[in-house]
1. Condition first: outside any strand (DSSP E or B) and either closer than 21 Å to residue 56 by Cβ or at pLDDT 90 or above (or both). Now tell me which residues in the stretch 173-189 satisfy that.
2. Can you name every residue in the stretch 135-192 that is closer than 23 Å to residue 125 by Cα and over 19 Å from the mean Cα position of the chain (by Cα)?
3. Do we have residue 133 as in contact (Cβ under 8 Å) with a residue 12 or more places away in the chain and either out of contact with any helix residue (DSSP H, G or I) (no Cβ under 9 Å at 6 or more places or on another chain) or within 14 Å of residue 177 (Cβ to Cβ) (or both) here?
4. Could you please give the count of residues in the stretch 37-56 that are modelled with pLDDT of 85 or more and within 19 Å of the chain's Cα centre (by Cα)?
């Protein structure tokens, strides 16, 4: 079986989110969700309103820098880290929180990188706080609802997340992937984790 190896850290934000080894290895056909992407437009779904809300926040985050409130924070292993104060009053989150994004280059084909980031089985190789995750609902070939939970250093409680993520093929051949929190009946809140 052939294997693709990522030798560059994927999104190292701080000492808690780093690869556990010098390389990440994933089989060319991982057991996680590897699926072919459909070109736009995608079929309608009950999640379209929430996906549009997330897109409206995510797209400017990718395409704009300091002129839209993003402030350069630091560079780690060739990845430039930017922060932006959270100003989305509809989220109910504290104004002291920030969005975070990293900009860098990973010398591998885009589909391999996307699959490594999307595959629950490989996440523990690059995120030491990751505990486990699963696909909750495959909405369409480009859109998936996922559950994941994460350990946290004492005295902080672990966190869990239910997110909807969508991948869009861009005209120039890139892939834009965005995620946001959702509520789903198959993932009730538990006392073991704080829902993010």
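The values are calculated or read from the model by the stated rules, or taken from the named source; none is laboratory data. Please read all numbers here as calculations on a predicted model, not as lab measurements. As a convention, Cβ positions derive from the backbone with ideal geometry for all residues, glycine included, and neighbour counts pool all protein chains shown.
1. From the stretch 173-189, those outside any strand (DSSP E or B) are 173-174, 182-189; that's our starting set.
Residues satisfying the conditions are 174, 182, 183, 184, 185, 186, 187, 188, 189.
2. 153, 154, 156, 157
3. Details: in contact (Cβ under 8 Å) with a residue 12 or more places away in the chain: yes; either out of contact with any helix residue (DSSP H, G or I) (no Cβ under 9 Å at 6 or more places or on another chain) or within 14 Å of residue 177 (Cβ to Cβ) (or both): no.
The answer is no for residue 133.
4. Counting residues in the stretch 37-56 that are modelled with pLDDT of 85 or more and within 19 Å of the chain's Cα centre (by Cα) gives 9.
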